[in-house]
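Chemist: Got a structure for you, questions after.
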Amino acid sequence: MAGSSRAVTANSPDTPRRFYGVNLCFGAHYLSHAESDRLADRLVRLGYNALRIHHYERDLVQGQSPTTKLNPQKLEQFDYLMAALIQRGIYLTTDLYVSRSVPWREVGIDRDGQIPMNTFKILAPVHAGAFENWKQFTRALLDHTNPYTKRRYADEPALAWLAMINEGNIGNFYRDLVTFPEWTRAWNQ
């Protein structure tokens, strides 16, 4: 349950609930403690009770190798903001892959550079190396205990909705599939 005054509980499953939310993207997840508190207070004053954590992973793994390892400084800022939101009764949603930059070689494909975001989205469901990369990041995030809430994100009741991959419908990227031999090979295995 998020903050007690705005709680959704399992004891009233037939009671309709309305969620009114906003997105935070990129660097907006990495604020000072004072900025996090001001933002959380303002969102509540504006009537929000839900927040989408979006395009957060790029900064959360900034400077780390492999790209599934969380940056301790960014994680501390992220944890504090999440706790500030939860304390005020704001429910959270996120995707476990949105736009995190992953090197080709990190998933076992011998190419230079980074996997384009939409290519990773179609690769992860069929390619063992990409799927393993996705699982490692997911584990690192969800198994992490937020020191401010004393709960792992996997156990956080306020993290109410999770999507595995943002816009992960393979049909969205059909044009990419026909020019991507590694995807075809992985699909056919």
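Chemist: For helix 33-45, what angle does its Cα long axis make with the longest principal axis of the chain, in degrees from 0 to 90 and rounded to 10?
Modeler: 70
Chemist: Straight-line reach from Lys150: which lysines have a Cα under 20 Å away, not including same-chain ones fewer than 8 places off?
Modeler: Within the straight-line cut-off, Lys150 pairs with Lys74.
Chemist: Using a Förster distance of 30 angstrom, determine the FRET efficiency expected from the C-beta separation of Asp155 and Arg38, and round it to 0.05.
Modeler: My answer for the efficiency is 0.65.
Chemist: Would you mind working out the magnitude of the charge dipole of the chain relative to its Cα centre, with +1 at each Lys and Arg C-beta and -1 at each Asp and Glu C-beta, to the nearest 20 Debye?
Modeler: 380
Chemist: Arg111 to Trp187: extension gain in nm, 0.36 nm per residue of separation minus the Cα-Cα distance?
Modeler: Computed gain between Arg111 and Trp187 is 25.5 nm.
Chemist: Extension gain Lys135-Ser101, at 0.36 nm per residue separation less the Cα-Cα distance, in nm?
Modeler: That pair, Lys135 and Ser101, stretches by 10.8 nm at full extension.
Chemist: Still on this structure, please answer the following. By its C-alpha gyration tensor, with a ≥ b ≥ c as the square roots of the eigenvalues, how is the range 25-121 shaped: rounded for a/c under 1.5, else prolate for a/b larger than b/c, else oblate?
Modeler: Prolate is the answer for the range 25-121, as a/c is 1.5 or above and a/b outweighs b/c.
Chemist: Shifting gears a bit: Which FRET efficiency value, to the nearest 0.05, is calculated for Ala28 and Asp176 with the Förster distance at 30 angstrom and r the Cβ-Cβ distance?
Modeler: 0.55
Chemist: If R₀ is 25 angstrom, what is the calculated FRET efficiency for the pair Tyr20 and Asn71, using the beta carbon separation as r and rounding to 0.05?
Modeler: Using R0 = 25 Å, I get an efficiency of 0.20.
Chemist: Continuing with the same structure: Can you give me the angle between helix 128-142 and the longest principal axis of the chain, using Cα atoms only, in degrees from 0 to 90, rounded to the nearest 10?
Modeler: Value to nearest ten degrees: 20.
Chemist: In units of 2.2 N^0.38 Å, what is the alpha-carbon radius of gyration of the range 4-188?
Modeler: Cα Rg divided by the expected 2.2 N^0.38 Å: 1.12.
Chemist: Please state the relative contact order of the chain as a whole percent: Cα pairs under 8 Å, 6+ residues apart?
Modeler: With pairs under 8 Å counted, the relative contact order is 22 percent.
Chemist: Around Asp95, which amide H atoms from residues at least 5 apart in sequence, or from another chain, sit under 5 Å from its own amide H, with H modelled in the peptide plane?
Modeler: The answer is Ala163.
Chemist: Something else now. Taking θ = phi - 60°, what integer Hz values does the Karplus form 6.51 cos²θ - 1.76 cosθ + 1.60 yield along the range 175-183, in sequence order, with x for Gly and Pro?
Modeler: After applying 6.51 cos²θ - 1.76 cosθ + 1.60, I find 4, 5, 4, 5, 10, 10, x, 5, 5 Hz.
Chemist: Taking 0.36 nm per residue of sequence separation and subtracting the Cα-Cα distance, how much length would be gained by fully extending the chain between Gln87 and Asn169, in nm to one decimal?
Modeler: Once the chain is fully extended between Gln87 and Asn169, it gains 26.1 nm.
All of the numbers you see were taken from the coordinates with simple rules; none came from a lab. This one's a predicted model, so the numbers in the text were calculated from it and none came from an experiment. Backbone-built Cβ (ideal geometry, glycine too); neighbour counts: all protein chains shown.
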